[in-house]
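Down below is the structure, laid out as structure tokens.
Taken together, the values in this text are just the output of simple stated rules run on the coordinates, not laboratory data. Note that the structure is predicted; figures quoted are calculated from it, not measured. Cβ placement follows ideal geometry from the backbone for every residue including glycine, while neighbour counts extend to all protein chains displayed.
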Amino acid sequence: MRLLCLIFLMFLINGLNGQIITIRDSLLKSPIENANLIFEKIGASSNVKGEANITVFKKNNVIQITHLNYKTKKIAKKNIRQTVYLSQKLNILPTIILNDVTKIPLPKSNAIFTIRPSGVKLLESSVAGLLASASQVTVQESQAGGGSPNYRGMEANRLLLVVDEIPINNAIYRSGHLQSSATINPFFIESASLISGPASVAYGNGSMGGALVFYTKKPSNINKLFLHQQFESNSNTVITNMQAFYHKKKLSHISGFSLKSAGNLSMGRNRMHGYNEWGKELSKNNEQPYTNYEQADFIHKSNYKINTFNSIAVNTQYSISSNIYRFDKMNDIKNGAQKYNQWYYGPQIRFLQSINYVSKNKTIAFDNIKFLLAFQNIKESRHVQTIDSELLNNRKEHVNLYDANIDLNKKIKKTKIIYGVGARHQNVNSSAYLSDGQSTFYNPTRYPEKGSAVQDVFAYGQVAFNIYKDVNLLIGARLNKERLIAKFNNPFLDFDTIKNNNVSFVKSILLSYKIKASTLSLSYYDGFRNPNIDDIGKIFSKDGENVLVPNATLEPEYSNNLEASLNISSKFVKIKIALFKNKIYNAISREYAVLNGADSMIYDGEMMRIQMNKNISAANIRGVSFSGTIGVNSRFLIKANCNYLKGITNENKPLARIPPFNSKLGINYKLNDHLFDFYTDYNAWKRADEYDDAGIDNFSEATQDGNPCWYTLNLIYSNKIDNSLTLMLGIKNMLDVHYKVFSSSLSAGGRNFILSLRASF
């Protein structure tokens, strides 16, 4: 009897153990975290080891296994062995899922890239670097501590940044280069995606060039501590990162913090371009002064599962930097001498608090519904002192943002419907003063002295359905109503209030046809951007020669986008080619103007020419992009990306913000737990006659001939020593090449050795 009991117990244990399976990459054989296993209302997910418990499923259940970066797989439980392999997607973003409520029902053929900061990409210590690793995004840098992403010639306020479904673009996002991406910590990111098609329908105002959508890591049903320490030799950068996952019954959490301390950045010494003094204005021994900074970031997220169908989540994020010097301004020369004694941004602060409630109780109107409430507090400041002045010019901005959204989805047979409504309110407060260290004096503010506000209300809808066999269609539309009010108290203006009301209607359509292993996609979509407080109500000078004043008559700018793409996907080869054309109407551009009958005025103690933002004629952007991977075998993977853009105005002049041809070629080699990643980045010449006339492209930061071509060689090694410890070593810019990314003031970093250690407990 005891023997029978023992045998029964052994079979029981083996049966239970058999309920744990491992999800792995079919090519690299690495474990896949956060894969979702679903059958009707039953679900499970894989942990950091790729392990998933399938006990909840019955023998004959057909389990659907999904992941953001992999092809969906359906398999009956009875046919599952110890390991399930998933095949990677290339530049394809499937339906984005947040608590099972989708934002965009994207077909698999949509022209999108997705980055998961895992593996070698974890060595990127900024979001700007993470995005640049995709090769389809270039990043401009006027100073250290961040970078301004550029996608297909769209940058700053024409490219929307979204964090956990909440846009962080605000009413004072300027048309020039922005450093706002610095407030997003790369080590907290689960995935980063570029949505080029239906972005304006899903996310609205500001997504003319698409939307960069970031999802931070979410709570999991594990109890684990992750520690990460990283050192970079070039700038003596030290990074400390900690993340803790903890779970108890129905409540799960993630808490994390990250500290970064960066010294001055050293440029490369190998000047293959032949311009021996380029970029050396203030450098000492190739070190660029005023590029050191510090950054601290915090995140906490909690999820409470009320029952099988309902959950509530709370999301808190905080980011703060040290003072960051404007490197390009500190290099300015006037009358043969340094122009500025000080020119720095005060601490850039972003605080986000959101709460969302998700219900999966099916009704006739929806299968899932999500209520989202969010609050953001944004603070920034500028502090300027010329070399011949005793007074420090201080200007501070404070923005409060309030969001309320309802998103719903419904599936009727093969038709997916996504729709929602929402509202956003923004308050902008601007202050300014002059100081000599003891006293303060009056100083005109950058934005309206009496405050300003913007209110948006919107409704959107998208439908994805099958037309015929392998032909699928996605259509969408969005209606947006905005009201802006700005109140001034400035004697130079002939008005004290600006009121601006705009109604925008945009649409998108995407048709895809699958032919065996290939998918052909055609899309048309609108983009729009309403003029914000920065466009309408700003008073400032960029160069000390011209001053920008408000314009109450600005209208929204729009874009019409056409795109054709071909995806070829087989077992070992994945290729994607996209052709696109973007036409911008009513583009907002800075022009010389007259105010109160005068073309000049005194600003910051100097006589300057007057400029205004105005709606100008249309502009055109055309281009082609290519990306591909070849899996030679289970160990070798070859990757390639390249992009070409051409942008001109209707006057046949070069359009601003158009990067030169760029490409990336890489080879991955994996041997057991050892991973080698070798890649090269290449950027072609940006000739002097290809720069814009308004100075937005920063021609003054290039050579007299333009921005020279450049390439870098890079090698990353990763070794998973055991289940709890990972070592990563990197050499960036192995040849120590000197170069500048197009439009950047900073010279890029020279040879950089990186050491990274990650441990889990």
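Quick notes on this structure:
- For Kirkwood radius over Cα pairs in Å, calculated from these coordinates, the label among (1) 27.5; (2) 28.5; (3) 29.3: (1)
- FRET efficiency, 1/(1 + (r/R0)^6) with R0 41 Å, evaluated for Ile320 and Thr55 via beta carbons: 0.40
- Descending by average beta-carbon neighbour count within 10 Å, the peptides 332-340, 211-219, 415-423, 223-231 line up as 211-219, 415-423, 223-231, 332-340, the highest first.
- Annotation for Lys450 and Asn672: the two label points, set 7 Å from Cα along the Cα-Cβ direction, are 7.4 nm apart.
- Cα centroid of the stretch 575-616 to Cα centroid of the stretch 436-512, whole Å: 18
- A DSSP coil position with no more than 12 other Cβ atoms inside 10 Å describes the following GluC sites (Glu not before Pro) in the stretch 493-599: Glu545.
- For the stretch 274-357, GluC sites (Glu not before Pro) meeting the loop criterion (DSSP other than H, G, I, E, B) and having at most 11 other Cβ atoms within 10 Å: Glu277.
- For a label point 7 Å along the Cα-to-beta-carbon line of Asn335, residues of the stretch 591-610 with backbone N under 20 Å: 602-609
- Fully extended contour minus Cα-Cα distance, from Ser261 to Ala598, at 0.36 nm per residue: 116.5 nm
- Taking the longest Cα principal axis of the chain as reference, the axis of helix 2-17 is set at about 30 degrees.
- Mean separation of Cα contacts under 8 Å (6+ apart) over length of the chain, as relative contact order %: 10
- Full-extension gain in nm, Glu606 to Ser87, via 0.36 nm per residue minus C-alpha separation: 180.6 nm
- Modelled label reach - Arg174, point 7 Å along Cα→Cβ, the stretch 369-397 residues with backbone N closer than 20 Å: 378-387, 392-397
- Estimated distance in nm for a label pair at Tyr304 and Gln64, the labels positioned 7 Å out from Cα along Cα-to-Cβ: 3.0
- Using the Cβ-Cβ distance between Lys249 and Lys362 with R0 = 22 Å, the FRET efficiency computed as 1/(1 + (r/R0)^6) comes to roughly 0.30.
- For the residue pairs Lys583/Lys740; Lys58/Lys469; Lys217/Lys413; Lys73/Lys217; Lys41/Lys250; Lys507/Lys740, the C-alpha atoms sit more than 27 angstrom apart in Lys583/Lys740; Lys58/Lys469; Lys217/Lys413; Lys507/Lys740.
- From least to most packed, judged by other beta carbons within 10 angstrom and beginning with the fewest, Asp692, Asp297, Asp705 follow the order Asp705, Asp692, Asp297.
- Rounded FRET efficiency, nearest 0.05, which uses the C-beta distance separating Asn650 from Ser518 and R0 of 51 Å: 0.90
- Selection among Ile638, Thr237, Gln136 by position relative to the dipole of the chain gives Ile638 as farthest towards the positive end (Cβ unit charges, Cα centre).
- Proxy reagent accessibility, fewest Cβ within 10 Å first, across His253, His425: His425, His253
- Which of Ile54, Pro491, Ala337, positive extreme of dipole for the chain (C-beta unit charges): Ile54
- Model label sites at Asn221 and Asn719, defined 7 Å from Cα along the beta-carbon direction, differ in position by 3.7 nm.
- Charging the Cβ of each Asp and Glu at -1 and of each Lys and Arg at +1, and nothing else, the dipole of the chain about its Cα centre rounds to 4580 debye.
- Extension gain, Ile509 back to Ala564 (0.36 nm per residue minus Cα-Cα distance, nm): 18.6 nm
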